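First up is the structure itself, then whatever we jot down about it.
The values are calculated or read from the model by the stated rules, or taken from the named source; none is laboratory data. These numbers come from a predicted model, not from an experiment. Here Cβ is always computed from backbone atoms with ideal geometry, including for glycine, and neighbour counts include all displayed protein chains.
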Amino acid sequence: MAPILLVMVFGILQFGIAMNQHMVLTNAAAKGAMTFALSRGTATPYATTTSAITSAAPSLTAGQISITVKVNGVACASDAACSTILVSGQPALVKATYPCDLTVMGVNYAPSCTLKAETAQLVQ
């Protein structure tokens with residue numbers, strides 16, 4: 001009976017950690033979208049946005065957060081590219097993904113688990 005109970009308790013713990021990471025990632029994506037939407041006219045909109053996301057998620061490993069930034073459906077991955085497409089009134093979308101770990105006692109119950117969050121804001 002004890003092994004089954006231990007697996008259940010550790011499973012609940014791992015699931016709670018994954019839920020916490022999802023909440024942190026969602027908050028970080030919202031912070032990034034707000035930062036990006038307010039970055040029109042600045043020299044470093046992409047770098048500022050990625051920095052805002054990693055700063056808003058201190059409990060996550062920054063190198064494992066994957067960030068996608070789009071304005072009106074067009075992706076940009078550099079400050080120069082983002083500066084040219086940031087147009088007032090257009091929707092700015094920030095997507096962030098992070099790998100989750102649902103391993104309980106050596107068994108990975110969701111090997112391809114990825115946490116995803118996205119938020120849109122209008123460019124100011």
Scope segment 22-59; condition touching a strand residue (DSSP E or B) at 6+ places or on another chain (Cβ under 6 Å) and not in a helix (DSSP H, G or I); matching residues
none
Quick one: is ALA96 in contact with a Pro (Cβ under 9 Å, 6 or more places away or on another chain) and in a strand (DSSP E or B)?
no
State whether one or more residues within segment 66-78 are within 22 Å of VAL123 (Cα to Cα), more than 15 Å from the chain's Cα centre (by Cα), surrounded by 14 or more Cβ atoms within 10 Å (Cβ to Cβ) and not hydrophobic (A, V, I, L, M, F, W, C).
no
Name every residue in segment 89-124 that is more than 19 Å from LEU25 (Cβ to Cβ), of a type in the set (Gly, Ala, Ser) and out of contact with any Leu (no Cβ under 8 Å at 6 or more places or on another chain), in order of residue number.
GLY106
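Suppose the filter is over 10 Å from the mean Cα position of the chain (by Cα), surrounded by fewer than 13 Cβ atoms within 10 Å (Cβ to Cβ) and at pLDDT 95 or above; does GLY41 pass it?
Considered against the rule, which asks whether it is over 10 Å from the mean Cα position of the chain (by Cα), surrounded by fewer than 13 Cβ atoms within 10 Å (Cβ to Cβ) and at pLDDT 95 or above, GLY41 comes out as no.
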Is there a residue being loosely packed, with under 12 Cβ neighbours inside 10 Å, within 17 Å of the chain's Cα centre (by Cα), modelled with pLDDT of 95 or more and closer than 30 Å to ILE12 by Cβ anywhere in segment 98-110?
no
